[in-house]
Amino acid sequence: MEAIRLEFQPEIKAKILELLSSFSSDELKIVQEDPDFDENKRKLDIAYAKLKSGTAKFYTLEEVDVILEETISKYEN
């Protein structure tokens, strides 16, 4: 299957859904988009730009383990 993203004015949503309902479930599946899609995309674009520019911060597994242990110990009490 292929996927497309539609943007439309709210007042035509009923007409669009009526048209789409004429197709069988084998032909068309309506998937609700993640409401946080735009925010997640923005965050990923920023992270990708940092990777491409070489400014991203990387950690070894040992460094992550130390960071996690310190964070956990702060909130244990």
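Here, each number is a calculation from the coordinates, and none is a lab measurement. Fair warning: this is a prediction, and the values are worked out from it, not measured in the lab. No Cβ is skipped: glycine too gets one built from the backbone with ideal geometry, and neighbour counts run over all protein chains shown.
Which number comes out as Rg/Rh for the chain once both Rg and the Kirkwood Rh are worked out on C-alpha atoms? Expressed as Rg/Rh, it is 1.25.
Under the rule of -39500 (n - 2.57) per DSSP H run of 4 or more residues, summed and divided by the residues of the chain, what mean residue ellipticity at 222 nm is obtained, to the nearest 500 deg cm²/dmol? Provide the component values of the computation, followed by the final result.
Working: 3 runs with 41 residues, N = 77.
Rounded to the nearest 500, the figure is -17000 deg cm²/dmol.
Loop-located chymotrypsin sites (Phe, Trp or Tyr not before Pro) across the chain with a Cβ neighbour count of 13 or fewer within 10 Å are PHE8, PHE23, PHE58, TYR59, with loop assigned by DSSP.
In the Gaussian network model of the chain, springs joining C-alpha atoms below 10 Å, which of ILE16, ILE46, ILE30 carries the largest mean-square fluctuation? Of ILE16, ILE46, ILE30, the most mobile in the Gaussian network model is ILE16.
Modelled spin labels at ILE12 and LEU28, positioned 7 Å past Cα toward Cβ, are 1.4 nm from each other. Bridging of LYS13 to lysines at a Cα separation below 21 Å is possible for LYS29, once same-chain residues fewer than 8 apart are set aside.
Sparse packing (at most 11 other Cβ atoms within 10 Å of the Cβ) combined with a DSSP loop state is found for the following trypsin sites (Lys or Arg not before Pro) in the stretch 15-77: LYS29, LYS57. Coupling constants for the stretch 59-67 follow from the phi torsions by the Karplus curve (6.51 cos²θ - 1.76 cosθ + 1.60, θ = phi - 60°), and in residue order they are 10, 7, 4, 5, 5, 5, 4, 5, 4 Hz; glycine and proline get x.
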